[in-house]
Amino acid sequence: MSRFVNTFDSVQTVGNGQTPQRHYTNLDDLWRAAEPYMRARRNDIHIPLSFYFAELLLDDYPQADELVTRVAILLHDTGWARVDAEKMITEGFRSANWRQSDARIQHEIEGCNIARELLPGLGFDTAFITQVTDIIDGHDTRLDHHSLEDAIVRDADRLWRFTPTGTAFSAEWFGMTPREIVENLEAVVLDELITASGRRMAEAEMGRTIELLKIDLL
């Protein structure tokens, strides 16, 4: 039995196959344009999963701007493609101050640069692009959120870590065991989630991850 109140039986989330319900603007052209920046740090897995979490969160918060949110989550980690691969791990994941490391700051700066390079050619105006880059800038290193869209991007970025896939990659990047990752998720990351829906999804996903990966045994 799960130790969490929220489980797959009560929460609509990625892990139990929930499908986003809102009508969302087609972003296939942006996915194609961003593809060259998706291969670093397995962002070709992290970003699509985080994007899906963002859409599910948007279902619960219809007042949020879906286009700003979805473009921001799609591009938020593309900047890792311009960070040295070794520094990405040694500074961005395994240093004493990894969250404020130069590598993490650089990936945010480069993510904003990529957004400014790609979006004008796809018809997005300067005001929209600024809304997107305001979210990408500091999404890992800034403590506060400044809009509902920012909050949803931050939660979606973290939610994938509660899945078996996110736990597995996190264990590799941080040089930790899956159990250590889950302990950190429960002790630290869960409380960093901003939206009520995000927390519910996290508990449901984590409970299932603990079960599937035999976390209580291994």
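The values are calculated or read from the model by the stated rules, or taken from the named source; none is laboratory data. Note that this is a predicted model, so its numbers are computed, not measured. Cβ sites come from the backbone with ideal geometry, for glycine too, and all protein chains shown count toward neighbours. Ligands, DNA and RNA are stripped out before the accessible areas are found, and what is left, the full protein with its side chains, is counted by its heavy atoms. Shrake-Rupley method; radii C 1.70, N 1.55, O 1.52, S 1.80 Å.
For every helix of n ≥ 4 consecutive DSSP H residues, a contribution of -39,500 (n - 2.57) applies; sum these over the chain, divide by its total residues, and give [θ] at 222 nm rounded to the nearest 500 deg cm²/dmol.
Numbers: 10 runs with 116 residues, N = 218.
Using -39500 (n - 2.57) per qualifying helix, the result is -16500 deg cm²/dmol.
Send over a whole-number figure in Å² for the accessible area per residue of the chain, probe 1.4 Å. Present the calculation step by step, with values, prior to reporting the outcome.
Working: 10060 Å² over 218 residues.
Solvent-accessible surface per residue comes out at 46 Å².
Could you compute how fast the range 1-128 diffuses translationally, taking Rh as the Kirkwood radius over C-alpha pairs and applying Stokes-Einstein at 25 °C with viscosity 0.890 mPa s? Give it in µm² per second.
Values: Rh = 16.3 Å.
So the translational diffusion coefficient is about 150 µm²/s.
For every other residue with a beta carbon closer than 15 angstrom to the beta carbon of Phe4, add +1 if it is Lys or Arg and -1 if Asp or Glu, then tell me the sum. Before the final figure, lay out each step's value.
Working: positive: Arg3, Arg199, Arg200, Arg208; negative: Asp9, Glu183, Glu186, Asp191, Glu203, Glu205, Glu211, Asp216.
The answer is -4.
Defining a contact as two alpha carbons under 8 Å apart and six or more residues distant in sequence, what relative contact order in percent does the range 124-218 show?
Values: 65 pairs, mean separation 27.3, N = 95.
Over the range 124-218, the number comes to 29 percent.
What is the sum of charges, Lys and Arg at +1 and Asp and Glu at -1, for the other residues whose Cβ falls under 9 Å from the Cβ of Asp102? Walk me through the numbers before you get to the answer.
Numbers: positive: Lys87, Arg104; negative: Glu91.
Charge balance near Asp102 sits at +1.
Can you compute the modelled spin-label distance between Leu212 and Arg116, with each label point 7 Å from Cα toward Cβ, in nm?
3.9
Using a Förster distance of 22 Å, how high is the FRET efficiency between Glu192 and Ile45, based on the Cβ-Cβ distance and rounded to 0.05?
Given R0 = 22 Å and the Cβ-Cβ separation, E is 0.55.
Counting only protein heavy atoms and using a 1.4 Å probe, what share of the accessible area of the chain belongs to carbon plus sulfur, as a whole percent?
Details: 5070 of 10060 Å².
Looking at the chain in its full context, I get 50 percent from C and S.
Evaluate E = 1/(1 + (r/R0)^6) for Thr177 and Phe128, where r is the Cβ-Cβ distance and R0 equals 25 Å; express this FRET efficiency to the nearest 0.05.
Values: r = 42 Å, r/R0 = 1.70.
Once rounded, the FRET efficiency stands at 0.05.
Determine, from the Cβ-Cβ distance of Leu27 and Ala85 and an R0 of 25 Å, the FRET efficiency 1/(1 + (r/R0)^6), rounded to the nearest 0.05.
On the way: r = 27 Å, r/R0 = 1.10.
The value I calculate is 0.35.
Contour minus end-to-end for Asp137 and Arg3, with contour as 0.36 nm per residue of separation and end-to-end as the Cα-Cα distance? Walk me through the intermediate numbers first.
Numbers: separation 134, 0.36 × 134 = 48.24 nm, distance 3.57 nm.
Fully extending the segment from Asp137 to Arg3 adds 44.7 nm.
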